[in-house]
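A short worksheet on the structure shown next.
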Amino acid sequence: MNSLVNNLWQCYQETEFFFTQALSPQLSFAIITAHNPKGVILSSSQNRLLDKKLQNELEHLGLLYREIMGASVDLCHMEKSWAIAVEREIGVEIGLKFNQNAIYYVETDMLKLIPCLFQKKEICLGSFSKKMKLVSELPE
C-alpha cells in the first residue's frame, strides 16, 4: 500500500493543467477534482456524477470557480477539475468531503500539492504558470 501511495504522490507532482482562459498570477485558488476518490479509478459515468455533485456544492457555497483539466505529462490520464477561489483550509475541507488524496493550491503563481487523505507533507511544485497550458478547448 505504501508504494501505491508513493507512486500516486509522485504522479500528482507531475500533473499539468489545461485552461481555456488565462488567470491572473496574483490570484489564489484551490484546484480540486471529484474524480477517482481515494485514488480508485472509476468509470466515466461515475466520475461525471461525482463531478456534478462537486459543482453543485460549489454553487451551494457561492464560490467562484472555473473548469480546468489536470493531466499526466503523457496525457494518458486526465481528470476534470475546478479552479476555485477559496482559502486553502476550505479547499482541503472540500477535498476531504470528496475523498481526495490531495488538492493543489495556487498562491501568487506558486503551486502547492497539499495532502487531504494522504499522510504526506505539503510540497511546493514551483511556478503554476509553467505547469499551465492555454487551449482553445479542454480535452475530453
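The values are calculated or read from the model by the stated rules, or taken from the named source; none is laboratory data. Keep in mind the model is a prediction, meaning the values are calculated, not measured. Cβ sites come from the backbone with ideal geometry, for glycine too, and all protein chains shown count toward neighbours. Keep in mind that these areas ignore ligands, DNA and RNA; they rest on the heavy atoms of the full protein, side chains included. Shrake-Rupley method; radii C 1.70, N 1.55, O 1.52, S 1.80 Å.
A Förster radius of 25 Å combined with the Cβ-Cβ distance from residue 59 to residue 24 puts the calculated FRET efficiency at roughly 0.65.
Along its three principal directions, the equivalent ellipsoid of segment 35-115 from the Cα gyration tensor extends over semi-axes of 19, 16, 12 Å, largest first. Of the beta bridges in segment 11-136, as assigned by DSSP with both residues counted there, near 90 percent are antiparallel. Here the translational diffusion coefficient of segment 77-140 follows from Stokes-Einstein with Rh set to the Kirkwood radius across Cα pairs; for 25 °C and 0.890 mPa s it amounts to 191 µm²/s. Ranked from largest to smallest solvent-accessible area, with a 1.4 Å probe on the protein heavy atoms, 60, 77, 35 come out as 60, 77, 35. Residues 45, 136 ordered from highest to lowest accessible area at a 1.4 Å probe: 136, 45.
The residues of the chain present an accessible area of 57 Å² per residue when probed at 1.4 Å with all protein chains retained. May I ask for the net charge around residue 12, where only other residues with Cβ less than 12 Å from the Cβ of residue 12 are counted and Lys, Arg are +1 while Asp, Glu are -1? So the environment of residue 12 carries a net charge of -1.
Exposure check, 1.4 Å probe, all protein chains in place: residue 80 carries approximately 50 Å² of accessible surface. For residue 39, the shell of other residues with beta-carbons less than 13 Å away shows a net charge of +1, using +1 for Lys and Arg and -1 for Asp and Glu.
Extending 7 Å from Cα along the Cβ direction at residue 73 and again at residue 48 yields two label points whose distance is 3.2 nm. Rolling a 1.4 Å probe across all protein chains gives residue 88 an accessible area of roughly 80 Å².
Exposure check, 1.4 Å probe, all protein chains in place: residue 9 carries approximately 20 Å² of accessible surface. P(r) for segment 57-101, from all Cα pairs and a bin width of 10 Å, is 23, 52, 22, 3 %, short bins first.
Structure remark: mean-square fluctuation, Gaussian network model of the chain, C-alpha springs under 10 Å; the largest value among 119, 21, 100 belongs to 119.
Stokes-Einstein, applied to the Kirkwood radius of the chain over Cα pairs at a viscosity of 1.002 mPa s and 20 °C, places its translational diffusion at 143 µm² s⁻¹. Phi angles of segment 21-30 translate, via the Karplus equation with coefficients 6.51, -1.76, 1.60 and θ = phi - 60°, into HN-Hα couplings of 9, 5, 10, 5, x, 8, 6, 10, 7, 9 Hz per residue; Gly and Pro are given as x. Round to a whole number: what % of the accessible area of segment 79-140 belongs to carbon and sulfur, probe 1.4 Å? Answer for segment 79-140: carbon and sulfur cover 50 percent of the accessible area.
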